[in-house]
Amino acid sequence: MQGFMTRETLLKWAPVLVLIFLLLVFPIFEMTNAWAKGKEHIYLLDSRFLSIRNLARIAISATPALMVALGVTFIILMGSIDLSMEGTVSVTAVGFAYAFLWLGGTLASWAWLAIPLALLIGAAIGLINGIVHVKLRIPSFMASLAMGFVGTGFALLLTGGDRVRVEDPLFRALLTVRWMNFPIMVYVAAAFLLLMWFIQTRTKLGRNFYAVGGGEELAAASGLNVNRVRILGFMLAGICYGMGGLMAVGKIGIAETVTGANFMFISITAVVVGGTALWGGIGGVLNTLVGVLIVFVINNGMVVIGLPSYIQSAVLGILVIVAVVLSTDRRSVSFVK
Amino acid sequence: MNMERIKPHLPWLTLVLLVALVGIANPTFLNPAGLIVLASDVVPLFIMALGMTFAIYIGGIDLSVQQLANLVTVIATVFLMSFGIWVAVLCILAGALFGAVSGFVTTRLYVPSFVSTLALGFVALSGAKWLSGQRALHMDAEQRDATFGWVFERTLGIPNELLIAAGLLAACWFLQSRTTFGRSLKAVGAGELAAVASGLNVDRIKILAFALCGALAAISGLIFSVKLSGGDANLANGFLLLAIVAVLVGGTPLTGGVGGVLNTAIGTLIVMVIRAAMVYLEVDATQQQMIFGIVLIIAIALTIDRSKLKIVK
């Protein structure tokens, strides 16, 4: 019988351990900071970092990035990469905002149709992305990078550089109304995560992603229509980016060309930190949840303990390397690119 | 004439085609003086792409180059007064060191270069912010002209900047095509396991390739800094993706082992022509980004050689 703490289980749970470690280590800094000022401070209990308020703050800031990262998870599972998210998020956000305002400007009217429309736009961009990649036989890195330029450019064309404000109180309730201290958008994100988890583990499509990522030639030889799986994967990712766009607008109430900016590296970093391998076949959406939380806990924690802002990106960089090192099984990898 | 023989020539044929198309639409584009100015404007991007070529040629990627260039603009501005021309050496050493660390993390800690270089880019960004005090710094104009003024002069009518780029291209081409190191880069890119099996010290080769990439990114940052006479932690933003695009459009695939520095020179020129064409053809500013992306897809579809790709990931 195998022991409970085998190498495999440790590696599998490494991202979770990193997350728990981070959640426990930032309060230590808080405590020593408080002591240095001569204040009383009980570890964990007096922590501002671990207060519900701050955890809600982390959850809010992580929500749009989680949606985007879920999408790219499926692509990375297939061993491909998608760099089009910044453009897609911007286009869906701007498209949603215009459609929403044009259809009435409040969720209580036909304007709710703008929400499925945004997801459709995301799927359509993903479809084009997948077709360019599969039919023109252009590696996904380049195809999606160029599509990202097209997306950002299209958003710029639509807005002409202006900001579009979405001020409907009913839509903004995503952020403003809280159930048990957490805003509605966090629950929406959790439901969406559950749906993606269902697709990954309980549908044929989800299993096919792993088949393609684990060995494409084998999958093709066993009769799998790999091209179809790839195109569907990019469409699914597009829908996730659409959700990301909606959440981003829900968070700040503004849609603009730069709504999608900075999502690319943060989402891919989160996916990799969560333990999904860039060469495909290993990981999944729950890993991505942990990865996104690690990245945003680090970002938030550094602010709470008062690290000078110029150090923060370096600390994030080093912790990313540490997290990846901890969750890589060196025995099963012969080399990395 | 069969297709196999044309394929390697597709990148420069695409370039000629693009230049011809733009030239027909607006003949002033073909004015040599204008073309020389365009080409010298693209020199920092080209040098960065040149370095990126080595990272991609061995099958990796370097996402830290933009932040390295940012860091170097700050280093160059801060230390110009005290070091004079030797600041160039300092910058290049800093770049090479960062690149080598990326290589080390990739090879010894098994972190994919996509992640390791991204992470080290964050570290470089912190360095740049710390050193600059998060402000935009300016070089002393007199000191700059005395030390680096020659970069903007012309020799026989050609800007010295272009000559520097040509010199670096020649050196990189020699390194890639005429040295054992260059051959071993190709071996690693074409098949890493086979390279290990034939006794190459793959780790060392990869670390050197990343160091080279870092050093070239530093030179690019230095020229950029001298051009704009200052340094700032965000100065080179926007260069990274363009540098990658220049390498890929030139015909060096991400899988490595094919292509090379001459391809990157052509790729950079293609990027330059597409961007300049939109100005010459008076494309509205809000449409440029989108058209750039579409033309890029067409250019990539035309230029990449798929014969060596069994699976398109």
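The values are calculated or read from the model by the stated rules, or taken from the named source; none is laboratory data. The model shown is predicted, which means the values in this text are computed figures rather than measured ones. Reconstructed Cβ throughout: ideal geometry from the backbone, glycine too, with neighbour counts over all protein chains shown.
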**OP:** Starting from residues that are crowded, with 24+ Cβ neighbours inside 10 Å and of a type in the set (Gly, Ala, Ser), keep the ones in region A:128-171 and report whichever is nearest to A:Val229 (Cα to Cα).
**Re:** A:Gly130
**OP:** Pull up region A:238-261, narrow it to residues that are among the small types (Gly, Ala, Ser) and not in a helix (DSSP H, G or I), then point me to the one that is modelled with the lowest pLDDT.
**Re:** A:Ala261
Original post:
Do we have A:Leu157 as under 23 Å from the mean Cα position of the chain (by Cα) and either within 14 Å of another protein chain (Cβ to nearest Cβ) or not acidic (Asp, Glu) (or both) here?
Top reply: no
Original post:
Among the residues of region B:221-250, which ones are farther than 28 Å from A:Phe141 by Cβ, buried (at least 24 other Cβ atoms within 10 Å of the Cβ) and in contact with a strand residue (DSSP E or B) (Cβ under 9 Å, 6 or more places away or on another chain)?
Top reply: B:Ser225, B:Gly231
Original post:
Does region A:127-139 contain at least one residue that is in a helix (DSSP H, G or I), of a type outside the set (Val, Ile, Thr), under 17 Å from A:Gly260 (Cβ atoms) and within 14 Å of chain B (Cβ to nearest Cβ)?
Top reply: yes
**OP:** Mind telling me which of the residues A:Phe74, A:Phe96, A:Phe26, A:Phe100 ends up being over 22 Å from A:Met235 (Cα atoms) and crowded, with 24+ Cβ neighbours inside 10 Å?
**Re:** A:Phe100
Subject >> Odd one out for A:Trp110, checked against (1) of a type in the set (A, V, I, L, M, F, W, C); (2) in contact with a Gly (Cβ under 7 Å, 6 or more places away or on another chain); (3) within 12 Å of chain B (Cβ to nearest Cβ) >> reply: (3)
Original post:
How many of the residues in region B:188-204 are surrounded by fewer than 19 Cβ atoms within 10 Å (Cβ to Cβ) and in a helix (DSSP H, G or I)?
Top reply: 7
Original post:
Is it the case that some residue within region A:291-299 is surrounded by fewer than 24 Cβ atoms within 10 Å (Cβ to Cβ), in a loop (DSSP other than H, G, I, E, B), aromatic (Phe, Trp, Tyr) and touching a residue at least 60 places away in the same chain (Cβ under 8 Å)?
Top reply: no
Original post:
Of A:Met235, A:Met264, which residue is aliphatic (A, V, I, L, M), in a helix (DSSP H, G or I) and more than 11 Å from chain B (Cβ to nearest Cβ)?
Top reply: A:Met235
Original post:
So is A:Phe171 touching a residue at least 12 places away in the same chain (Cβ under 8 Å), more than 9 Å from chain B (Cβ to nearest Cβ), assigned to a helix (DSSP H, G or I) and hydrophobic (A, V, I, L, M, F, W, C) or not?
Top reply: yes
Original post:
Could you say which residue among A:Met196, A:Met243, A:Met247 is under 18 Å from A:Gly148 (Cα atoms), more than 14 Å from every other protein chain (Cβ to nearest Cβ) and buried (at least 22 other Cβ atoms within 10 Å of the Cβ)?
Top reply: A:Met243
**OP:** Kindly indicate the residue of region B:230-285 that is of a type in the set (Ser, Thr, Tyr) and more than 20 Å from B:Ile36 (Cα to Cα) and also nearest to the other protein chains (Cβ to nearest Cβ) among those meeting that condition.
**Re:** B:Thr255
Original post:
What tally of residues in region B:214-256 results from selecting those that are outside any helix (DSSP H, G or I) and over 16 Å from B:Asp62 (Cα atoms)?
Top reply: 8
